[in-house]
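Novice: This is the structure I have questions about; it appears just below.
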Amino acid sequence: MGQDSWAKRQSRPSITLIAASLIAFLAASLPLFYLFRRAIDAEISEISLILFRSKTLEILATTLGLTIAVTALSTLIGIALAWTLFNIDLPFRSTLQALVILPVAIPSYVFTYSWISLIPGFKGLWAALFVLVLATTPYITLTTLAALRRSDWSTYEVAQTLGLNGLQIFVRVTWPQIKNSVAAGSLLSALYVLSDFGAISLLGVDTLTRAIENIYRGSFDRSSASILALILVAISALVIRLEERSRQRLHIIKSSNRIIKRAKTNDKLKVRLIALFGIGSYLALGLVIPLFQLLSIFLANSTSINYSLLFKASISTLTAACLGALIALALALPVGVLSAQGSRLGRVSDKAILIVHALPGIVMGLALVSFGSSIPWLYHSLLLLSFAYALLFMAKAVGSVRSSVDRVPKNLIEISATLGLPKSATFRRVVIPIATPGLLSGTLLVLLAAMKELPATLMLKPIGFETLATQMWSYSSIFRFNEAAPYALLLVLIAAIPTFLINRPDKGDGIGGDQI
Amino acid sequence: MALKRLRFITLALALSLGASLLTGCASQKSESLVIYSGRSESFISQFLNQFTALTGAKLDVRYGDSAALAAQLLEEGVNSPADIFISQDAGALGAISEAGLLAPLEQRILDRVEDKYRSSRSDWVGITGRARVFAYSPERVKTLPFSIDQLTLPIYRAKIGIAPTNSSFQAFITALIQSRGEAAALNWLERLKANDVKLYEKNSQIVAAIDAGEIDLGLVNHYYLWEVSKALGREIAVANGFFAPGDTGNMINVAGAGILKTSTNLDVSLELLTYLLSDEVQREFIEKTYEYSLALKDANPVGLPALSQIPSPRVDLSLLANLSKTQALLIKVGLI
């Protein structure tokens, strides 16, 4: 409902917003600035050796092909899951809605390893496609579910009165309303594939991120690696541009007295069984089988668990990830608001944040090492680690901030103005509450991603500060997956808490269900 | 409702921020030795703890991947808080040494190991050794190869595993280029690839794959046998084999350590290196980690020949710092 939203009516954004957004922009530019500085050091001969070899073409083709295939598949599955969970009356629906998000909490190398240990010879492009589709589907499921919950039910009723069938209603009524959110989720999925190292390396697939990692490993040649990373930046800029073009102005005018009513649920037993089978299959492949496999690896050769270490690592993980999510929200909020208002600064910052999201963790880690090591009080502090999480993952929040703010109806703002509230109070008392569900789900994604982050964590964590992911790594790097398993399981368990909290069953439709 | 939740979460987050800043400040100032260790915690921490118990020196260890830590040290440059870098392989140490970040070591420390196991710039020293071997299935491999050249024979077609992105394999190829020249190395790699060699990310995956029956033979470091067996909690059906004397396939690589120029704690750093190279700790390395001691020439891990008995080729470890030529070759062949 673009032109009628609060955001579009703001003629001049406030100074505070601009300043906050500028900070976010500078923060996001930090790793890009680092890459340019390193790339300048590269010699022409090195550059041509890297760029003009047939392998580079192959790597580019693999990277693009895999990104497109994974994104397309996960988008289809994500929409199907969200639509089913929203429209069909299933037992334990809100529990299922939270469960389908959880695969996102399993680190991709753990996820991949469990499949490798289950199926000998599980390798290559198809295996990568399988693993990455399962791992990235929750991004689309979550954003689509949120959009469905926000969609305007009065139009559905009109459509039904007009005698449209289910498919027609989806194409002509539902799709226009969820399209932008689906695109935002697909973008996250694409950027995930571009930056993934864990799954790709274990399965032996050569993408740009793996090539970058190999250069660091083999020759410690930071300038060549930076050139490849800049190619990755270019690709992600392209992907981001695509998503932006697909984003459409919504022309549906919402009635302000929205009918908050769930869609008429389809109660046919056959339909419900098929739906349960579909959701069950996804959960089995994406959550139950990997976790069960981890558990059996642990039980097959169980060692005594150091509970105090496990507890400490859990607290550390939560502290750093929560702090990272908070910083991400603080940075993403002004950018999302400005971007929704159509401000150029907002849009540019928005893009910078998304581009940075596609960078491999090692690049982000080194960029912050380069920046942070000259500031002794900051270096190897929890603050810098959380800041790294925010930089790496705030892209997951900025899209939902943008779309949530874009949805605030203008008449509420007018009422607020009539009542004599200043702009800032309107923002705090009208805009924020309405945008909150979107902000929460965005922040949740940042939190879940930060909890499992590894390469930047290893470089930036305070000494002696162990997270579940670093503990898991310290065992799995020496092949002791049995000892790593309890940490992986606990990680998923802890991740489940915020996921269920935000998807609270007593709230009916959970995220966004009780709002607007 | 949602707003209340947001407020609650914001408050919780703000509290955790405050708490973490406080603890952060509290732990800022300390007089301990900062170690960057590319060797895993389960491997090295027992020895570091013993050192602390013995000397009272407090050690702060940052564990990570050797290559990533080396990149981090290069990025930190003169601002590095690290005193010591313990690395999994010579390459990462060489890269740091080449950048001029390591301080020269005392001769008495260097002399604990043969000169081929330490830096030619005298700024890092090898601590333990690992031999390249071929791991194989005694059940399925009836004809053992006596040279790496035989790996390109049809009898091993689709039965061999390598880990081309792994630094230990790349070190071996670097040695191959050094001994035979680039053209011959290229030729060998091409023939190996044409023999349908299977690619893995890690040495441990290769050993596990042999045990699982996916492949019959693989090029790895000697100690992965124990590592994988320990991880699986059972005996595995895999054995180590050596090629004929002098074959590049038997090369010895080292794990070692160096002291950073930025070290503010030189005395304790030197003391730690001395300790790690002492006879008793070297003996423990052999017993507990199955690695070779570089200081005790005639002691060996169970079931393996002594270091001096391994028919290894002479390899200049300082060449391992830059594997870009090797990588270019592997890229050309299409293995990485």
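Novice: Is at least one residue of the range A:133-150 modelled with pLDDT under 95, of a type in the set (A, V, I, L, M, F, W, C) and surrounded by fewer than 18 Cβ atoms within 10 Å (Cβ to Cβ)?
Specialist: no
Novice: Restricting to the range A:109-145, count the residues that are assigned to a helix (DSSP H, G or I) and more than 25 Å from A:Leu85 (Cα to Cα).
Specialist: 14
Novice: If you scan the range A:360-380, which residues turn out to be part of a loop (DSSP other than H, G, I, E, B) and in contact with a Pro (Cβ under 6 Å, 6 or more places away or on another chain)?
Specialist: Matches in the range A:360-380: A:His380 only.
Novice: Next question. Starting from residues that are among the small types (Gly, Ala, Ser) and in contact with an Asp or Glu (Cβ under 9 Å, 6 or more places away or on another chain), keep the ones in the range B:300-332 and report whichever is farthest from the other protein chains (Cβ to nearest Cβ).
Specialist: Ranking the candidates gives B:Ser308 first.
Novice: Looking at (1) closer than 23 Å to B:Ala70 by Cβ; (2) without any contact (Cβ under 8 Å) to a residue 12 or more places away in the chain; (3) small (Gly, Ala, Ser), which one does B:Gly129 not meet, given that it meets all the others?
Specialist: Evaluating B:Gly129 over (1) closer than 23 Å to B:Ala70 by Cβ; (2) without any contact (Cβ under 8 Å) to a residue 12 or more places away in the chain; (3) small (Gly, Ala, Ser) leaves (2) as the failure.
Novice: Now a separate question. Of the residues B:Pro311, B:Pro301, only one is surrounded by fewer than 19 Cβ atoms within 10 Å (Cβ to Cβ) and over 21 Å from B:Arg121 (Cα atoms); which?
Specialist: B:Pro311
Novice: From the set of residues in the range A:359-392 that are facing chain B (nearest Cβ under 9 Å) and of a type in the set (A, V, I, L, M), which is surrounded by the most Cβ atoms within 10 Å (Cβ to Cβ)?
Specialist: A:Leu366
Novice: Also: For the range A:456-473, what are the residues that are surrounded by 24 or more Cβ atoms within 10 Å (Cβ to Cβ) and assigned to a helix (DSSP H, G or I)?
Specialist: Residues satisfying the conditions are A:Ala456, A:Thr457, A:Met459, A:Leu460, A:Leu468, A:Ala469, A:Gln471, A:Met472, A:Trp473.
For every residue, the table says whether it meets (1) crowded, with 23+ Cβ neighbours inside 10 Å; (2) closer than 29 Å to A:Ala199 by Cα; (3) hydroxyl-bearing (Ser, Thr, Tyr).
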{"position": "A:Ile305", "(1), (2), (3)": "no, yes, no"}
{"position": "A:Thr319", "(1), (2), (3)": "no, yes, yes"}
{"position": "A:Ala328", "(1), (2), (3)": "yes, yes, no"}
{"position": "A:Leu333", "(1), (2), (3)": "yes, no, no"}
{"position": "A:Arg344", "(1), (2), (3)": "no, no, no"}
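Novice: Separate question: Please enumerate the residues belonging to the range A:64-107 that are of a type in the set (A, V, I, L, M, F, W, C), closer than 28 Å to A:Leu490 by Cα and in a helix (DSSP H, G or I).
Specialist: Of everything in the range A:64-107, those that are of a type in the set (A, V, I, L, M, F, W, C), closer than 28 Å to A:Leu490 by Cα and in a helix (DSSP H, G or I) turn out to be A:Val70, A:Ile77, A:Leu81, A:Ala82, A:Leu85, A:Leu96, A:Ala98, A:Leu99, A:Leu102, A:Val104, A:Ala105.
Novice: Let me ask something else. Taking the conditions exactly as written (within 10 Å of chain A (Cβ to nearest Cβ), closer than 27 Å to A:Ile362 by Cα and at pLDDT 90 or above), does B:Leu59 satisfy them or not? Let's see the steps before the verdict.
Specialist: Working: within 10 Å of chain A (Cβ to nearest Cβ): yes; closer than 27 Å to A:Ile362 by Cα: yes; at pLDDT 90 or above: yes.
The answer is yes for B:Leu59.
Novice: Another question about this same structure. Tell me the residue from A:Ala425, A:Ala395 that is surrounded by fewer than 24 Cβ atoms within 10 Å (Cβ to Cβ) and among the aliphatic types (A, V, I, L, M), please.
Specialist: Answer to the selection: A:Ala425.
Here is a yes/no grid of residues against (1) modelled with pLDDT under 95; (2) within 13 Å of chain B (Cβ to nearest Cβ):
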| residue | (1), (2) |
| --- | --- |
| A:Gly2 | yes, no |
| A:Ala7 | yes, no |
| A:Pro13 | yes, no |
| A:Ala27 | yes, no |
| A:Ser45 | yes, yes |
| A:Ser54 | yes, yes |
| A:Leu57 | yes, yes |
| A:Ala69 | no, no |
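Novice: Now for a different question. Helices (runs of 4 or more DSSP H) wholly in the range B:148-235 with at least 2 residues that are of a type in the set (A, V, I, L, M) and either more than 10 Å from chain A (Cβ to nearest Cβ) or free of Cβ contacts under 8 Å to residues at least 24 places away in the same chain (or both) - which ones?
Specialist: B:167-180, B:182-194, B:203-212
Novice: So, in the range A:175-214, how many residues would count as being crowded, with 24+ Cβ neighbours inside 10 Å, closer than 17 Å to A:Thr62 by Cβ and in contact with an Asp or Glu (Cβ under 6 Å, 6 or more places away or on another chain)?
Specialist: Residues meeting the conditions: 1.
Novice: Take the residues in the range B:23-45 that are in a loop (DSSP other than H, G, I, E, B) and at pLDDT below 85; name whichever of them is farthest from the other protein chains (Cβ to nearest Cβ).
Specialist: This residue is B:Glu31.
The values are calculated or read from the model by the stated rules, or taken from the named source; none is laboratory data. Keep in mind the model is a prediction, meaning the values are calculated, not measured. For neighbour counting, all protein chains shown are included, and Cβ atoms are generated from backbone atoms with ideal geometry for every residue, glycine included.
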